[in-house]
1. Hey, could you check the stretch 247-261 for residues that are of a type outside the set (Val, Ile, Thr) and surrounded by fewer than 22 Cβ atoms within 10 Å (Cβ to Cβ) and say which is nearest to Asp343 (Cα to Cα)?
2. Yes or no: the stretch 105-123 includes at least one residue that is over 16 Å from the mean Cα position of the chain (by Cα), on the phi < 0 side of the Ramachandran plot, of a type outside the set (Lys, Arg) and in a strand (DSSP E or B).
3. When you go through Glu341, Glu281, Glu270 one by one, which is the residue that is in a strand (DSSP E or B) and surrounded by fewer than 17 Cβ atoms within 10 Å (Cβ to Cβ)?
4. Please list, ordered by first then second residue, the pairs with beta carbon atoms under 8 Å, 6 or more apart or interchain, first in the stretch 141-160 and in a strand (DSSP E or B), second modelled with pLDDT of 95 or more and surrounded by fewer than 18 Cβ atoms within 10 Å (Cβ to Cβ).
5. Can you tell me how many residues in the stretch 82-104 are assigned to a helix (DSSP H, G or I) and acidic (Asp, Glu)?
6. Are there any pairs with C-beta distances below 7 angstrom linking a residue in the stretch 14-25 that is in contact (Cβ under 8 Å) with a residue 12 or more places away in the chain to a residue that is of a type in the set (Phe, Trp, Tyr), with the two at least 6 apart or on different chains, and if so which?
7. Report, ordered by the first and then the second residue, all pairs with beta carbons closer than 7 Å, sequence separation of six or more or different chains, a first member in the stretch 38-56 that is under 22 Å from Asn221 (Cβ atoms), and a second member that is among the charged types (D, E, K, R) and in a helix (DSSP H, G or I).
8. Which of the numbered conditions does Ala147 fail, given that it passes all the others? Conditions: (1) buried (at least 23 other Cβ atoms within 10 Å of the Cβ); (2) modelled with pLDDT under 95.
Amino acid sequence: MGKNRYPKIVVDLKKLRHNIDRALVKCQDQGIEIAGVIKGCSGLPECARQFALAGCRFIASSRLEQLEAVRNYGVQTELMMIRIPMLSEASEVVRLADISLNSDMEVLKALDYHARLRDKTHKVILMADLGDLREGFWSKEELLSAALYVERDLHNLRLAGVGTNLGCYGAIAATPEKLNELVARAELIEAEIGRELEFISGGATSSYLRVLEGNMPRRINLLRIGEGILLARDSQELWGYDMSDMYQDAFTLQAEVIEVRDKPSHPVGEIMFDAFGNRPEYQDRGIRRRALIAIGKVDYGFPDQLIPRDKDLKILGASSDHTILDVQDCGRNYKTGDIIEFDLWYAPLVYATSSPNVDVVYI
């Protein structure tokens with residue numbers, strides 16, 4: 001793709017590496033290793049390389065194709081599959097990932113079978129559901145039973161540890177008390193198998209808040225961090241933590257203006273449903289200066305999660321392929337061909353970096 005092709009995501013690798021380094025220092029000071037999660041940037045291999053160069057313990061993704069692209073790019077860091085595997089992809093999980101998160105007995109058996117066929121050992125972390133109600137063994141007894149089965153009967157699997165996920169579905173906070181529940185389950189397993197587990201994985205970016213506060217339970221020694229490094233925005237904007245030592249603009253979305261005109265601010269005619277089946281409401285502010293840019297919901301998902309760098313610019317809405325902006329109060333006199341820049345929340349970053357219509361360039 002050419003430098004002048006829009007829309008595009010511009011990745012500042014120095015800023016990204018800075019964020020990785022800062023998170024690593026904070027975690028390592030508390031005895032915690034990082035699995036650098038790359039699904040937020042759709043597995044861009046050059047971004048994965050920054051995690052590897054910085055010294056992350058694992059490169060992690062929920063998508064096998066992203067792990068394969070990273071390996072083909074020459075990254076040698078161990079790879080982690082963080083979505084519990086489908087039974088149908090067990091062979092590929094063993095081929096591509098060094099370690100995976102698991103919560104299903106049939107899948108564990110399949111992983112063991114395919115690891116045996118490949119004459120290799122595949123590491124597994126068993127997931128405990130502590131109340132967020134996504135993946136994980138619900139009862140302590142079921143988790144212990146699964147751990148003993150892996151330890152004693154599945155000879156091509158290595159029980160590397162236990163883990164949990166908090167905040168992604170049920171929005172359950174990763175409190176010290178909640179994470180101590182995970183430690184207690186890990187220690188119950190350790191008492192039965194007669195050895196210490198390599199990893200107690202306390203979750204993702206939402207658990208990184210415990211590192212920032214310095215109250216992470218002592219035995220939590222692995223976090224799977226994506227957004228907290230890629231954008232470092234949620235911790236500041238949602239939870240109020242000071243993230244001024246990290247960049248929130250390592251990724252920039254650029255889009256080109258394709259029309260600028262004065263138009264009514266309220267549609268004229270009978271309002272029905274928009275292209276996505278919604279019945280929108282509009283505020284009548286009279287005639288306003290409006291600009292269209294050549295990017296839409298199919299490219300980034302949510303207009304309200306784009307953050308214009310021009311603070312006087314207002315996002316009015318979007319259709320599939322167009323985004324409508326109010327530029328009436330902007331100091332800049334926008335015209336066709338101009339480039340407008342946006343910072344991003346997590347969801348638009350995922351959408352934009354996975355869109356074939358959005359170019360990616362590195363600086």
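The values are calculated or read from the model by the stated rules, or taken from the named source; none is laboratory data. This structure is a prediction, so every number in the text was calculated from the model and none was measured. Glycine gets a Cβ as well: all are built from the backbone with ideal geometry, and neighbour counts include every protein chain shown.
1. Asp249
2. Checked against the condition, which is being over 16 Å from the mean Cα position of the chain (by Cα), on the phi < 0 side of the Ramachandran plot, of a type outside the set (Lys, Arg) and in a strand (DSSP E or B), the stretch 105-123 yields at least one hit.
3. Of the residues listed, the single one that is in a strand (DSSP E or B) and surrounded by fewer than 17 Cβ atoms within 10 Å (Cβ to Cβ) is Glu341.
4. Short answer, once both residue conditions are applied: Leu157/Thr121; Arg158/Thr121; Leu159/Glu151; Leu159/Ile193; Ala160/Glu198.
5. The qualifying residues number 2.
6. These pairs meet every condition: Lys15/Tyr247; His18/Tyr247; Asn19/Tyr247; Ile20/Phe51.
7. Qualifying pairs under 7 Å: Ala54/Arg17; Ala54/Asp21.
8. Unmet condition: (2).
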